[in-house]
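Trainee: Here it is, the structure, as structure tokens.
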Amino acid sequence: MMMKIKNNLSIYKHLMSFGFIVLSFIPSGVFGQTDRPGSPDSTITIGYNVKTNTAAISVIRGSELETHATDNLSNALGGLLTGISAQQMGGVPGSDGSNLWLRGFRTLSGGASQPLVLVDNAPGDYTMLDPNEIETIKVLKDAASTAIYGQRGANGVILVTTKRGKAGRMSIKLDAQTGFQELVGLPTFLNSYEYGKLFNEAKFNEGSPIPFYDDATLAKYKDQTGNNIYTNPSVDYIGQFLKPNAPIQRYSLNISGGSSFAKYSILLGVMDQQGFYKYAVEDPKYSTNASSTRYNMRTNLDIQINKRLSVLFNLSGQIARNKSPFVGNSTIWSTIMHELPNSYPIFTPTGMLGGTSTKFNNPVGLMSRSGYQEVNNRNMQAMLEATQQLDFITKGLTITVSGAYNGFNTYGYQKQQSFAVYSVDANLVQTKFGLDKPLSDGTDLSNDMNYTTSLWGSINYDRSFGDHSLQATVMTYLDQKFIPRYSPYVNLNYGATLNYGFLKRYFLGGSLSKSGNDNYAPGSRFGLFYSFSGGWDVHKESFLSESNILTQLKIRSSYGLVGNNGQVSTQRYLYQTQYTTGEGYPFGTTYSSTSGTVESQAGNPYFTWEKSKQFNIGIDGGLFNKVYFSFDYYTDNRFDMLASPMNKLPDIFGSTLSYTNIGKVNSKGIEAVLGVNEKMGDFRLNMELSATFSDNKVIENGEVNGLSSNLQGIGKQSFGEWGLKSLGFFYDAADIANSPVQKFGTYAPGDVKYADLNHDGIIDGNDKTRLGGTGIPNLFTSANLKLSFKGFDIGVQIVGLFNREVYIPLEFSNAIPNGGKLAVGAYSRWANYTDQNGNVVDTRSTALYPRLLTTVSTNNTQNSTLNIKEADFIRLKNIEIGYTLPKAWMKAIKLESIRLFCNGYNLALLYDQAKIGDPEYPGAPIWSYGKTRILSFGASLNF
Amino acid sequence: MNSIKNIKWLIPFLFTILITSCSDFLDRAPTSALNQKQVFSDLQLTRQYQIDLYQTLRSGFSSFVNGDFTESWGYDLISNMDDYCMGSKNDNSTFELISGGWMNRGENANWGNAFEVARRWRFSYQSIRAINIFLENYKYAPLATDADRIEMNTMVGEAYFLRAHHYFELVKRWGGVPLVYKVVKASDDQRPPRADIKTCIDSIVSDCNKGAALMDTVVSSSQWLGRATKGAAMGLKARALIWGASPYWSTRGSGISWQDAAKAALDVINLNVYHLMPNYRDVFLKTFNSEILYCQNSAPKNMWDLYMWTPNFLGGLTYGNFQPTQEFVDCYEIKDNVTGQYVNFDRNNPDHMANMYNKDRRDPRFNQSMIYNGANWQGITCEYYTGGNLGYQAVGSMAAYFYTGYCFTKYWDENVLVGTVNGVARKGNPLLNWIFLRYADILLMYAEAQNQAGGPNSSANGSGITALWAINQVRERAGISDLPSSISQADFDAKVRNERSVELCIEDQRFFDVRRWGIGDVLARDLHKVVATKNLDGTFVYDFSQTVGPLRKHYDNPDQYILYPINIEEIQRNPKLTQNPGWQDIIRN
């Protein structure tokens, strides 16, 4: 509890400084007019042509995504859409997207927490789309908007709508941008001399008084001249093998237009992202660098067949080719992050690859002579939708039927090559190890496909009668995902919604859906979901309508039941009792089993989906026609969540039930937006601050009764690692003697000291507790500033993530016990000794890491607050500066407009609590691929 | 132009099709697994299901070999909670029970469940569930011919027998346990209380009777050797009844008399199906021999002999997990040098001591069951002394594993070559039976029960088969002298108890015998090893004063030597379970 309060205080402090940064951008006295989607007045259309005035929804336009130079759209959403929290895990070209949570993590640990994503109302992936393809992204947050999605709505819905043509003359837009990526958050490793000195200390700590590296050797490490670079090398792996930057470029051509009969929007896009491997072969036909090349194409057609019948046709595809050296990105990165600086020279005196009899991991070889692998992904989507006006039956009635296909194929192959390495001895004599082998024929790496078909239809009624307006929908939806070797995954929904308005001032909404999935028992596959909502446009009341101060005010609220059928494991049909081939039994005198049959799964006929009762109350308002604000409070009480029942189910049951619906979690949160729109002459400003706070508490998770309070999951946040609380390091032998015994292996002064959370006088696994959300913040904030003056425009985005923890890999300090090296963090180790020269080394009062050791100390490597650290941060996430050339010039060159721009993604950290690597995910370079900053410039031409 | 006009109904028409055709889309049965109906409507699958019920028989040749104790079948043996057999020094399971590990929490607060005792309980109920599924569903299998019907009867009988076996495994460890005689569903009450001991034994006897009525005395063909028979069910019944008649349970409401137990054992003797093997050693080396009532057919992969006790210079892996104590060795009788009769070994008798390892004087089963200093094994003379091939220095750090001065060889064939280990030819058993029940045990049960019921010279049902006759059958086969008919009832009982220890050593019997006799405190005494020192003249000095097993700790409460604790987590899951005596007050820390 105390920790929480302390955290909240620090958040407050950060927010203050954060607000200051943003406010300093606001010039005084300039105000403009709001043109935001989702302002209180508007009726928002969500899926299936459903309209609502009462739901909690965030919207952005595709144009706002264009300012982010990232290749993956999911990276742009965090900070642009209130309610979304994001965490980017790394920078692998082609798969560097972010994990997203809508209104935070609201399910049990390990549960399905991701929102439902629909592109043009059909299952799809928006992350690989070109930003120019996107018209809007809507985030449906409360039950009023998600209940219609039934079993899949509880985690929220992200609705992506692609761009359609508009009647009028042909418009051609060409976007070109090129730039480079830089690596961020890499550890700084010690050179051989520094490494050697601290290695000696580590050996000393283990009881070896004679230095492992003598002074003469250390001197050679320090003096990297002459033959020393071969006999006693000191290799800077990051500087030597990773380029300071790597290119990224994106081009797109968008043609749209049409007549009253037909409209079109056509897009062709290319995105190319290159890797950082300095020694990779960079031949266009044979490249071994990491790279991702993506082609996007889309044709969206609207055809008005007659006055009452319109048809929409979309055809789109994404082709991606992702390449890496044969050994894979993670091996390259792991080698760079682990190999000792003094292992071997990279090149021998004769220019051969260095190595030893046991080390064949020369990065030059890995990058250029291990071969390569290539994965080709093909995504294709097609959609056909027809809408018929039925005003010959009654005015305002329409009917829509839509069908879509979304196919995915992947094929990967690899070609292997091998290389010899040469060791160099003190006399520069070289010895060859391994063989040079040419590139082999390719072998398959991956080969898979799946496709999803979806169908939906809706009857919509939209009409006003005097003071009354009524919008109603009846719909049905079916999708089936086919993965060839499994039975298809099927969702089937029926739904109805109602949106009633009186005097454009009072609104009532309701929705009902009957939603089913094939994973449940016959007769129990469908569930009923519902929502009720209301809205009051207070500002339209006579007592406010004249106000010059409060220029907009609307209150809305909703309550409903939504489901989450996302599974905890890949096991399906848990309702069924299943039998399979058993071990059999070896009867007779020859030991050979007669085959048998056994019950492989005891069915649980009550197996069902997670349910969520969601309440939302929100207020949208405006001041002086310039300032707008929005505030939402929500609660989400979940039950029937999947958890293992085995702590509740006695053994006499005689079998296991993997998951039953016993879990309960209550979440609540706040979202706030404050924005200003200003306009004075040629000066325009939009500034928006937004914050998403979410918190949850486990009510029931199936855990054992009667655990000591630190071990209880109940009552705590539902996600995050379990670990010990570190109390620092044992100061001396007396400290050890006066502390409880620790049961994780031997320890000595300088090793990690843990808290006895259960007060039993013994430190063991029972002293663990929940260490808060790993990666996922409780508070996600953003500030977006847009300024324009004459032809100039500037956009700044800052995001702040608070109350979160991340895992800090030991590669940032001492990874020797795990086959790695030392980074600068090692200088913050605990030390207390007198060195050979009689100098006292005593870092006990400032140490951040335990004493150096060369072997694994199980005492020091326990999960604890030492390696799962609080990592709040504020990032200058994006800046774009543009200049639109004067109109007058355009006539001469017969162009509509030209805009030149430069932008930067992931630019700087304004605040960094942990200060170890990149706080978003410090392990990225260690475990996969470093995170990148992107700087690019470009031009946007309209013909 | 009509078609153009009607196009306005196209979309509503498509919508109607969509909404009416969707209903069956959710019916997607998995293709890989079978459901219950499919299994039990097919005779072959039903047969296969019944075959897998035999997987629930797990031998004392534990899965320890595979490095895990999951559902450890060999637990009781390995645990060596008896006084006559020590485990290896680093035997975790020993440590677990003795040190109170049954309630130790592990990582992630998953204490209790991972504990051996909890696994044994869980495995029994898993087995019982599998059997109950069969007994509830076999009737759906189509039976076309008389042969099918006979086969099904036999299979059902075997299932009843197997259920009785599992309940007895539970009862002998925990006393009264919850009785589950149907397949528990997710919707059922999963929290029944414990049944009392009388109800439990009655239920076991009832299943044995049902099984015996349906099964024949022999299996239908030699390919099915290993299946249960009528004799197995009758033998198990006798064992359950002698359990109930024994002092610990007869004084705690079992309601079973020695007469009941003796009659049940006599019924097995009167079957006239089982015969003692002429050679004691062959009982354990020859599979499916005439003495076995039921057994588990043990895989060669288990290499029980290899892992469990073989010194590595003999081709083993030196674990030496089973070591006879000196107390056990002292149980072997010795031929009196005057009378020629076999008498109790007396360490104060210089003649006994001088001839303790004399094959011609000591009960022949001693030499047939273990090696000792001077014994000959696989052509090698065993040197259990400092500097000898089995001495404390001879095998470096591994020496600690051979610390009592003896090593069991009872199940270990020294003539059959089965491979090499560490470059040494390994002799052992290509196939072993783990014997759950054998005829010698039946004879000793009868001897014990009938003596208690009417004395050494009485017989059950006026059969003329006396307790004395029964024990002497066993003694004669072993090659030692008969007990005299003049022996008193009390002396006879002591002789039966000793005979059981010797005859049935490391067969998982002593462990439970001390519990049913209620003499758990014998486990608390200090146990000893022998340390031999070789003199310069080649003679030996034997020191019997050293105790064994630094890990052998004693319980605080003598009740803890009788019944197992119920896993504390199981009690939390089912609060209706009451804890066993001696364990209630121990709260987890």
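The values are calculated or read from the model by the stated rules, or taken from the named source; none is laboratory data. Remember, predicted model here, so these are calculated numbers, not experimental data. Using ideal geometry, Cβ is built from the backbone for each residue, glycine included, and neighbour counts are taken over all protein chains shown.
Trainee: Select, from A:THR551, A:THR580, A:THR589, the only residue that is in a strand (DSSP E or B), at negative phi and facing chain B (nearest Cβ under 9 Å).
Mentor: Values: A:THR551 fails: facing chain B (nearest Cβ under 9 Å); A:THR589 fails: in a strand (DSSP E or B).
Within the list A:THR551, A:THR580, A:THR589, the selection yields A:THR580.
Trainee: Another question, then. Can you tell which of A:GLY566, A:GLY527 is outside any strand (DSSP E or B) and either among the polar types (S, T, N, Q) or within 30 Å of A:ALA602 (Cβ to Cβ) (or both)? So that I can check it myself, show each step before the final result.
Mentor: Working: A:GLY527 fails: outside any strand (DSSP E or B).
That would be A:GLY566, the only listed residue that is outside any strand (DSSP E or B) and either among the polar types (S, T, N, Q) or within 30 Å of A:ALA602 (Cβ to Cβ) (or both).
Trainee: Which members of the range B:118-165 meet the condition of being more than 13 Å from chain A (Cβ to nearest Cβ) and aromatic (Phe, Trp, Tyr)?
Mentor: Within the range B:118-165, B:TYR140, B:TYR160, B:PHE161 qualify.
Trainee: Got a sec? Which of A:SER511, A:SER515, A:SER569 is under 27 Å from B:THR20 (Cα atoms) and more than 14 Å from every other protein chain (Cβ to nearest Cβ)? Before the answer, list the steps.
Mentor: Details: A:SER515 fails: more than 14 Å from every other protein chain (Cβ to nearest Cβ); A:SER569 fails: under 27 Å from B:THR20 (Cα atoms).
Checking each option against the conditions leaves just A:SER511.
Trainee: What are the residues in the range A:129-145 that are part of a helix (DSSP H, G or I), acidic (Asp, Glu) and under 20 Å from the mean Cα position of the chain (by Cα), if any? Explain how you work it out, then say what you get.
Mentor: As a first pass, look at the range A:129-145 and keep what is part of a helix (DSSP H, G or I): A:131-133, A:143-145.
When the remaining residues are screened for being acidic (Asp, Glu), the result is A:133.
Matches in the range A:129-145: none.
Trainee: Hand me the list of helices (runs of 4 or more DSSP H) wholly inside the range B:136-254 holding 2 or more residues that are in contact with a Lys or Arg (Cβ under 9 Å, 6 or more places away or on another chain) and of a type in the set (Val, Ile, Thr). Don't jump to the end; show me each part of the working.
Mentor: Numbers: elements: B:146-174, B:197-214, B:230-245, B:247-250.
Counting at least 2 such residues, we get B:146-174, B:197-214.
Trainee: Moving on to the next point. Does the range A:311-320 include one or more residues that are within 14 Å of another protein chain (Cβ to nearest Cβ), surrounded by fewer than 17 Cβ atoms within 10 Å (Cβ to Cβ) and closer than 20 Å to A:ASP120 by Cα?
Mentor: Yes, because at least one residue in the range A:311-320 is within 14 Å of another protein chain (Cβ to nearest Cβ), surrounded by fewer than 17 Cβ atoms within 10 Å (Cβ to Cβ) and closer than 20 Å to A:ASP120 by Cα.
Trainee: Let me ask you something else. Given the options A:LEU435, A:LEU384, name the one that is at pLDDT below 95 and either part of a strand (DSSP E or B) or surrounded by fewer than 17 Cβ atoms within 10 Å (Cβ to Cβ) (or both). Walk me through how you get there before you give the answer.
Mentor: Values: A:LEU384 fails: at pLDDT below 95.
Exactly one residue qualifies, and that residue is A:LEU435.
Trainee: Then there's this: Which of the residues belonging to the range A:501-524 are among the hydrophobic types (A, V, I, L, M, F, W, C), touching a residue at least 40 places away in the same chain (Cβ under 8 Å) and assigned to a strand (DSSP E or B)? Break it down into steps so the answer makes sense when it comes.
Mentor: First, pick out the residues of the range A:501-524 that are among the hydrophobic types (A, V, I, L, M, F, W, C): A:502-503, A:507-508, A:512, A:521.
Restricting the remaining residues to those that are touching a residue at least 40 places away in the same chain (Cβ under 8 Å) gives A:507-508, A:512, A:521.
Correct list: A:PHE507, A:LEU508, A:LEU512.
Residues are listed down the side, and each one gets a yes or a no for (1) part of a strand (DSSP E or B); (2) under 26 Å from the mean Cα position of the chain (by Cα):
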residue	(1), (2)
A:PRO349	no, no
A:VAL375	yes, yes
A:LYS395	no, no
A:ILE399	yes, no
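Trainee: Next question, about the same structure. Contact list please: Cβ distance under 7 Å, first residue in the range A:829-848 and within 14 Å of A:LEU198 (Cα to Cα), second residue among the basic types (Lys, Arg) and surrounded by 10 or more Cβ atoms within 10 Å (Cβ to Cβ), pairs at least six apart or on different chains.
Mentor: Short answer, once both residue conditions are applied: A:ARG829/A:ARG851; A:TRP830/A:ARG844; A:TRP830/A:ARG851; A:ALA831/A:ARG851; A:ASN832/A:ARG844; A:THR843/A:ARG829.
Trainee: A follow-up question, please. Which one of these does B:VAL496 not meet: (1) crowded, with 18+ Cβ neighbours inside 10 Å; (2) more than 15 Å from B:ASN344 (Cβ to Cβ)?
Mentor: (2)
Trainee: Continuing with the same structure: Out of the strands (runs of 3 or more DSSP E) lying entirely within the range A:721-795, which hold 2 or more residues that are surrounded by fewer than 21 Cβ atoms within 10 Å (Cβ to Cβ)?
Mentor: Working: elements: A:726-729, A:752-754, A:779-789.
By residue number, A:726-729, A:779-789.
Trainee: Tally the residues that are surrounded by 18 or more Cβ atoms within 10 Å (Cβ to Cβ) and part of a strand (DSSP E or B), restricting the search to the range A:595-618. Give the derivation first.
Mentor: Looking only at the range A:595-618, we keep the residues that are surrounded by 18 or more Cβ atoms within 10 Å (Cβ to Cβ), and these are A:596-599, A:601-604, A:607-612, A:614, A:616, A:618.
If we keep only those that are part of a strand (DSSP E or B) too, we end up with A:596-599, A:601, A:610-612, A:614, A:616, A:618.
Within the range A:595-618, residues that are surrounded by 18 or more Cβ atoms within 10 Å (Cβ to Cβ) and part of a strand (DSSP E or B) number 11.
Trainee: What's the total number of residues in the range B:480-506 that are under 18 Å from the mean Cα position of the chain (by Cα) and modelled with pLDDT of 85 or more? Working first, answer last.
Mentor: Initial filter on the range B:480-506 (under 18 Å from the mean Cα position of the chain (by Cα)): B:500-506.
Among the residues that remain, those that are also modelled with pLDDT of 85 or more are: B:500-505.
Here the count works out to 6.
Trainee: Something else now. Taking the range A:689-736, which residues are touching a Ser or Thr at 6+ places or on another chain (Cβ under 6 Å) and within 14 Å of another protein chain (Cβ to nearest Cβ)?
Mentor: Hits for the range A:689-736 are A:GLY702, A:ASN710, A:GLU721, A:GLY723, A:LEU724.
Trainee: Please state which of the following conditions A:GLN114 fails to meet, knowing it meets all the rest: (1) farther than 29 Å from A:ASP695 by Cα; (2) surrounded by fewer than 24 Cβ atoms within 10 Å (Cβ to Cβ); (3) not hydroxyl-bearing (Ser, Thr, Tyr).
Mentor: (1)
Trainee: Now for a different question. Looking only at residues that are among the charged types (D, E, K, R) and not in a helix (DSSP H, G or I) in the range A:60-101, which one is nearest to the chain's Cα centre (by Cα)?
Mentor: Our first condition is that a residue be among the charged types (D, E, K, R); within the range A:60-101, this holds for A:61, A:64, A:66, A:71, A:96.
Restricting the remaining residues to those that are not in a helix (DSSP H, G or I) gives A:61, A:66, A:71, A:96.
On the way: A:ARG61: 20, A:GLU66: 19, A:ASP71: 13, A:ASP96: 9 Å.
Within the range A:60-101, the match that is nearest to the chain's Cα centre (by Cα) is A:ASP96.
Trainee: So in the range A:114-128, with the set limited to residues that are touching a residue at least 60 places away in the same chain (Cβ under 8 Å) and within 16 Å of the chain's Cα centre (by Cα), which one is farthest from A:ARG250 (Cα to Cα)? Give the steps one after another, and end with the answer.
Mentor: First pass over the range A:114-128, keeping only residues touching a residue at least 60 places away in the same chain (Cβ under 8 Å): A:114, A:118-125, A:128.
Applying the additional criterion that residues be within 16 Å of the chain's Cα centre (by Cα) yields A:114, A:125, A:128.
Details: A:GLN114: 28, A:ASP125: 19, A:MET128: 13 Å.
Checking each candidate, the answer is A:GLN114.
Trainee: Now, a different point. Being of a type in the set (S, T, N, Q), within 7 Å of chain A (Cβ to nearest Cβ) and assigned to a helix (DSSP H, G or I) is the filter here; which residues of the range B:32-60 pass it? Write out each step before concluding.
Mentor: First, the residues of the range B:32-60 that are of a type in the set (S, T, N, Q): B:32, B:35-36, B:38, B:41, B:44, B:46, B:48, B:50, B:55-56, B:59.
Then keep just the ones that are within 7 Å of chain A (Cβ to nearest Cβ); that gives B:35-36, B:48, B:55.
If the condition is that a residue be of a type in the set (S, T, N, Q), within 7 Å of chain A (Cβ to nearest Cβ) and assigned to a helix (DSSP H, G or I), then B:GLN36, B:GLN48, B:GLN55 are the ones that fit.
Trainee: If you take the residues of the range A:525-562 that are touching a Leu at 6+ places or on another chain (Cβ under 6 Å), of a type outside the set (A, V, I, L, M, F, W, C) and modelled with pLDDT of 90 or more, which of them is nearest to A:LEU508 (Cα to Cα)?
Mentor: Here the residue is A:GLY534.
Trainee: A further question on this structure: May I ask you to list the residues in the range B:214-245 that are more than 22 Å from the chain's Cα centre (by Cα), over 12 Å from B:GLU158 (Cβ atoms) and more than 14 Å from chain A (Cβ to nearest Cβ)? Talk me through it step by step, then tell me what you get.
Mentor: Taking the range B:214-245 first, the residues more than 22 Å from the chain's Cα centre (by Cα) are B:214-223.
Remaining after also requiring over 12 Å from B:GLU158 (Cβ atoms): B:217-218, B:221-223.
Within the range B:214-245, B:THR217 is the sole residue that qualifies.
Trainee: Do we have A:ARG485 as away from chain B (no Cβ under 12 Å), basic (Lys, Arg) and on the phi < 0 side of the Ramachandran plot here? Write out each step before concluding.
Mentor: Numbers: away from chain B (no Cβ under 12 Å): no; basic (Lys, Arg): yes; on the phi < 0 side of the Ramachandran plot: yes.
No: the conditions fail for A:ARG485.
Trainee: Right, here's the next one. I'd like to check something: does the range A:649-660 contain any residue that is part of a strand (DSSP E or B) and within 14 Å of another protein chain (Cβ to nearest Cβ)?
Mentor: yes
Trainee: Could you check A:ASN661 against (1) within 35 Å of the chain's Cα centre (by Cα); (2) surrounded by fewer than 21 Cβ atoms within 10 Å (Cβ to Cβ); (3) farther than 28 Å from B:GLU569 by Cα and say which number it fails?
Mentor: (3)
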